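Notes to accompany the following structure.
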Amino acid sequence: MKNTAVLFLSLLTMAALPSAYAQQSTSQDDALTPEAFSIILKDEWAYLRDATDQMMKDTEKRSEFETSPEFQARVTRTRQLFLEKINGHIKETKLSSRVFNVWFKATLSSYDADAGIYSITCSETVEAPYDIPIVQSSIIPNSYVEMSDSILGGYRTSSIRLKFHPDFKWSVARNEAMAAKSSEQNIFFRIRFGINMSQEKFTTKARLRVVPMEIALMDQQNKYVFWKEELR
């Protein structure tokens, strides 16, 4: 009887593991710093780069004893295996359904009590992958978030940032503005992102697309939402 009880408890524990892991992943995705999201993006970009590079090497030229029809058949087969590999990775990592909530620290610059407008800035950025000949990185067009390239210290860099010019104008009643000011150290922009790595229209370059889904101005401590807007 004792052994049966131990076995039963073990089975219950094993059954609970996938759910626990899923909850842990969701929790981690729900509170990311820009630095943590950068690591995720670069890891996915590196996986796509390596898979694409290998596929390109395997199909770049016809072997000495290979006919043209045989070469074309091999290219088609190799590309199909490449697409299956990417789709398998997306399924394994649940990339098509994951939502990455990234917190950007907001600075409450000044409040115009007559106009009811709070000027807010945000200087935080996400270091992002840049374009290379075999992989294109981009962000889905929207009103608040952009990806831009620059040269820093002689090196090319790419970053995701909020595109306020020069600041965000938040139309807000005075009592809400005062509430935000009283918790200023906890005020963040939370951006919900998705990552689209599907290659359904692959030609000569793989694509990694960052998908902004929602922007919100929030108190990170109590999760109070002052303002939000859907981005897709």
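Values quoted throughout were computed directly from the atomic coordinates according to the rules given, and no laboratory measurement underlies them. A quick note: this is a predicted structure, and the numbers were derived from the prediction, not measured. Quick reminder, even Gly has a Cβ in these numbers, built from the backbone with ideal geometry, and neighbours come from all protein chains shown.
Under a model in which nothing but the beta-carbon of Lys, Arg (+1) and Asp, Glu (-1) is charged, region 192-231 shows a dipole of about 280 debye around its Cα centre. The GluC sites (Glu not before Pro) of region 36-128 meeting both criteria, a DSSP state outside H, G, I, E and B (loop) and at most 10 other C-beta atoms within 10 angstrom of the site's C-beta, are Glu60, Glu64.
Checking understanding here: applying a Kyte-Doolittle mean of at least 0.0 and a length along the axis of at least 24 Å (C-alpha), which whole DSSP H helices in the chain pass? Both cut-offs are met by 2-30.
Remark: spin-label model distance Thr78-Asp149 equals 2.7 nm, labels positioned 7 Å along the Cα→Cβ axis. Length gained on full extension, Thr67 to Arg232, computed as 0.36 nm times the residue gap minus the Cα-Cα distance: 54.6 nm. Taking the Cα centre of region 26-220 as reference, the dipole from Cβ charges on Lys and Arg (+1) and Asp and Glu (-1) amounts to some 440 debye.
Straight-line cross-link partners of Lys91 among the lysines, defined as a Cα under 22 Å from its Cα and at least 8 positions apart when in the same chain: Lys42, Lys201, Lys205. Our estimate of slack between Ile134 and Arg209, defined as 0.36 nm per intervening residue step minus the Cα-Cα distance, is 25.6 nm. Only one residue of Ala179, Asn142, Phe104 has its Cα farthest out toward the positive end of the dipole of the chain, where Lys and Arg carry +1 and Asp and Glu -1 on Cβ, and that residue is Asn142.
When the trypsin sites (Lys or Arg not before Pro) in region 161-192 are filtered for DSSP coil states and for at most 15 other beta-carbon atoms within 10 Å of their beta-carbon, the remaining sites are Lys163. For an R0 of 30 angstrom, estimate the FRET efficiency from the Cβ-Cβ distance between Asn222 and Ala115 and round to the nearest 0.05. Efficiency, rounded to the nearest 0.05: 0.65.
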